[in-house]
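Have a look at the structure below, then the notes.
The values are calculated or read from the model by the stated rules, or taken from the named source; none is laboratory data. Keep in mind the model is a prediction, meaning the values are calculated, not measured. Methodologically, a virtual Cβ is constructed for each residue, glycine included, from the backbone with ideal geometry; neighbour enumeration extends over all protein chains shown.
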Amino acid sequence: MALQLVIGNKNYSSWSMRPWVLMTQLEIPFHELRLRFDFDADSAFRRAVAKVSPAGFVPVLVDDGYSVWDTLAIAEYLHEKFPSSGIWPADPKARARARSVAAEMHSGFGALRQHCPMNIEASLAEAGARIWAEQPGVRRDVARIEAAWADALAASGGPFLFGAFSAADAFFAPVATRLTTYALPVSAASQAYVEWLGQAAGVKRWVADALAERDFLDFEEPYRTHR
């Protein structure tokens, strides 16, 4: 039985984007179940997710009725199930570093998440300039992200963070969309990586789907009242 990946809106769900892009890019077959975000207590979204995850959040990977939730856990499960697929780098030290930066992304950068929520369809340069000027935490987060990217790319030689595409790139794909949506200032090297990542097949397909959704959710839109 094929894997199933339960996700939320592609325009807004940065957590869902990570495993979807990873599996698509590495050609791991799966069926997608997309649920429209609605966080009311008894919404269709809540009821559907409750069937596959006690945590109540997306994404959820379902393998023949067995559920794995949380993006890091999903990546590790896929690595064990498909060890030669390239989820993590083959070299032990590169693999440890890739896991380190993915875990840092997974648990950190709260200011960037709070002030620059993922919104692929939007163009929010004006909001981004205001956020950049007023939020030192966002500037610190972006500086750390740029440093992590620079270190990885220098060690690997690129074009992805650890040479070939890996889970580390998938984890930073939503960050790349944020930098674009809010036009946050980054170095030429960082911008080049953002553009290269944007050309990866999995990322391109996710972005195309996000643009096609045309589903405006006001509770996900701190800077707009309409499209």
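Give the stretch 67-94 a look and list any residue that's small (Gly, Ala, Ser) and either closer than 18 Å to His31 by Cβ or not in a helix (DSSP H, G or I) (or both), or say none.
So in the stretch 67-94, the residues small (Gly, Ala, Ser) come out as 67, 73, 75, 84-86, 90, 94.
If the condition is that a residue be small (Gly, Ala, Ser) and either closer than 18 Å to His31 by Cβ or not in a helix (DSSP H, G or I) (or both), then Ser67, Ser84, Ser85, Gly86, Ala90 are the ones that fit.
Only one residue in Ala143, Ala122 is assigned to a helix (DSSP H, G or I) and assigned by TED's automatic domain parsing to the domain that holds Ala200. Which one?
Just one listed residue meets the conditions, Ala143.
Would the stretch 204-226 turn up any residue that is within 25 Å of Ala103 (Cβ to Cβ) and loosely packed, with under 15 Cβ neighbours inside 10 Å?
No, the stretch 204-226 contains no residue that is within 25 Å of Ala103 (Cβ to Cβ) and loosely packed, with under 15 Cβ neighbours inside 10 Å.
Can you find even one residue in the stretch 148-170 that is in a loop (DSSP other than H, G, I, E, B), of a type outside the set (S, T, N, Q) and crowded, with 18+ Cβ neighbours inside 10 Å?
To start, the set of residues in the stretch 148-170 that are in a loop (DSSP other than H, G, I, E, B) comprises 157-159, 161, 165-166.
Within this subset, residues satisfying the condition of being of a type outside the set (S, T, N, Q) are 157-159, 161, 165.
Right, trim to crowded, with 18+ Cβ neighbours inside 10 Å and you get 161, 165.
There is at least one residue in the stretch 148-170 that is in a loop (DSSP other than H, G, I, E, B), of a type outside the set (S, T, N, Q) and crowded, with 18+ Cβ neighbours inside 10 Å.
For Met105, state whether it is outside any helix (DSSP H, G or I), within 15 Å of the chain's Cα centre (by Cα), closer than 26 Å to Thr24 by Cα and at pLDDT 95 or above.
no
Can you go through Ser156, Ser100, Ser123 and tell me which one is over 17 Å from Ser14 (Cα atoms), of a type in the set (Ser, Thr, Tyr), at pLDDT 95 or above and out of contact with any strand residue (DSSP E or B) (no Cβ under 8 Å at 6 or more places or on another chain)?
Going through Ser156, Ser100, Ser123 in turn, the sole match is Ser100.
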